[in-house]
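Notes to accompany the following structure.
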Amino acid sequence: MLHIDIPTLEEFRALAQIKGETCVSLYLPTSPLGSNAQLNRTAFRDLARDALSQLRAGGADKTKIAAFEGHFDHLAGVEHNVQDEDKIRRLQRRRPDPVDSFWHYLSTGLAVLTTSATMRTFRLPDSPKPLAEVADRFHLTPLIRAMTSPHDIFVLALAEESVRLIHAFANFPPERLQVRGLPKNAEEATRRPSFHVRAPRGRLQNLEGEKVLLHQYVRKVEHATRSLLTERNAPPLALAAEEPLASMFRSVTTYPRLADETIEGNPGRKTDAELGDAAIPILDRLYFRELRGVIVRYDELKPRRATTDVSYAAHAATAGAIDQLVVDLDAVVPGLVSDFDGSVTYSASDDAETYSVVDEVARRALFMGARVMGAKQHELPNRAPLTAILRYQFH
């Protein structure tokens with residue numbers, strides 16, 4: 001399974017506020033296979049050594065360098081001798097090493113953000129390019145990509161004979177979730193040895209009785225899945241069901257991210273992989289529909305409350321005036337953005353003294369609570385690197 005930690009908006013804001021001190025940002029692609037844990041550690045150690053070299057070359061205080069080295073050594077753990085492996089395995093059976101567990105349960109990318117006093121890690125659903133950056137602030141673009149890109153979706157496979165909740169990922173196998181209190185099927189939910197009611201049984205008669213029992217079943221399914229669906233950062237939900245179960249579930253659920261599109265056919269006859277393959281295009285269409293909605297709003301509101309001008313967007317982002325922002329996260333516009341008024345000083349090249357202005361606009365917009373989305377260049381108006389919808393007319 002994939003182990004993912006995407007920062008919340010509050011966590012992102014806290015990271016974005018850190019400026020003016022030595023910050024080390026490490027990003028690396030990782031393998032989610034536990035058998036590759038040592039390879040992941042080795043890649044991290046290489047990046048950590050690169051960062052320490054940058055600190056020394058930049059004349060950082062020796063005490064600070066030692067603090068960073070301590071953080072990195074703690075996360076990487078101790079390299080063991082092959083001869084000690086049997087002894088280590090015996091010890092791990094008694095008391096698992098949290099560092100070993102961390103490297104065993106990863107996703108496809110890892111972010112390690114460190115100051116001399118703190119260290120934060122995030123397991124990312126995307127594979128970032130290897131990066132070791134030392135600056136007066138954290139490099140957060142890969143986090144922005146993880147926070148703004150669609151990468152997973154829940155699938156509720158609801159049939160009379162069975163029900164299951166699946167977590168589907170783009171480009172990775174789905175995971176079947178264990179849901180406490182989820183009935184196995186309609187018969188278990190209604191406590192009847194024969195679900196279909198064709199003869200009078202008390203007040204339940206024929207097809208009308210079946211509908212009552214189905215509603216009872218669907219309500220129990222909805223109640224059992226509600227806690228998972230309301231967790232922070234819960235993804236959209238695709239429903240795989242036939243009628244009348246599909247309509248019944250839609251009538252009782254309050255989950256706001258339930259997709260209008262239904263995966264048709266009896267889900268009991270589909271594998272988890274087949275359901276995941278059917279759900280990912282729904283996720284893509286949901287995101288594209290939202291993206292198109294922002295572009296439509298841009299056409300309606302330009303030029304007073306919408307812009308594709310990077311400098312104007314930087315001013316607006318600094319003032320907290322951006323409501324929605326779509327950015328080409330692959331666009332590199334080197335320069336500096338004033339912390340005071342958002343004025344932009346562009347640079348002819350990207351070097352250690354500058355950063356991507358587009359990334360900084362996205363960082364500030366996210367910090368101020370804007371909805372930020374990633375897009376490809378050809379999807380943006382005039383192929384501009386960004387499109388901003390403003391909360392109010394900004395001067």
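Using the average count of surrounding beta-carbon atoms within 10 Å as a protection proxy, the listed peptides 286-292, 361-367, 164-170 rank, highest first, as 361-367, 164-170, 286-292. Averaging Cα coordinates gives a centre for the range 251-278 and one for the range 297-367; these two points are 38 Å apart. Lys-Lys pairs in the chain that are eight or more residues apart or on separate chains and whose Cα atoms lie under 23 Å of each other come to 9. Given +1 at the Cβ of Lys and Arg, -1 at the Cβ of Asp and Glu and no other charges, the dipole of the range 152-288 around its Cα centre is 720 debye to the nearest 20.
Label positions at ASP330 and HIS395, each projected 7 Å from the Cα along the C-beta direction, are separated by 4.0 nm.
With r as the distance between the Cβ atoms of ARG297 and ARG219 and R0 = 35 Å, compute the FRET efficiency 1/(1 + (r/R0)^6) and round to 0.05.
0.40
Place a point 7 Å from the Cα of SER338 along the Cα-to-Cβ direction; which residues of the range 298-313 have their backbone N under 15 Å from it? From the range 298-313, the list is 311-313. Looking at the range 297-395, the DSSP beta bridges with both ends there are about 75 percent antiparallel. Assuming a ≥ b ≥ c are the square roots of the Cα gyration tensor eigenvalues, decide whether the range 302-390 counts as rounded (a/c under 1.5), prolate (otherwise, with a/b larger than b/c) or oblate. Judged from the Cα gyration tensor, the range 302-390 comes out oblate (a/c at least 1.5, b/c at or above a/b).
The charge dipole of the chain, taken about its Cα centre with unit charges on the Cβ of Lys, Arg, Asp and Glu (plus for the first two, minus for the last two), comes to roughly 1380 debye. Just to be sure I understand: of the beta bridges DSSP finds with both ends in the range 152-288, what percent are antiparallel, rounded to 5? Among the beta bridges of the range 152-288, antiparallel pairing accounts for roughly 60 percent. Each listed q (0.21 Å⁻¹) maps to a log10 I(q)/I(0) for the range 1-54, found by the Debye formula over equal Cα scatterers with no solvent: -0.97.
Treat every Asp and Glu Cβ in the range 9-148 as -1 and every Lys and Arg Cβ as +1, leave all other atoms uncharged, and give the resulting dipole magnitude about the Cα centre to the nearest 20 debye.
200
Over all other residues within a Cβ to Cβ distance under 11 Å of LEU55, the charged ones net out to +1, with Lys and Arg as +1 and Asp and Glu as -1.
Just so you know, all these numbers are worked out from the coordinates, no wet-lab data involved. Because the structure is predicted, anything quoted here is derived from the model rather than measured. Reconstructed Cβ throughout: ideal geometry from the backbone, glycine too, with neighbour counts over all protein chains shown.
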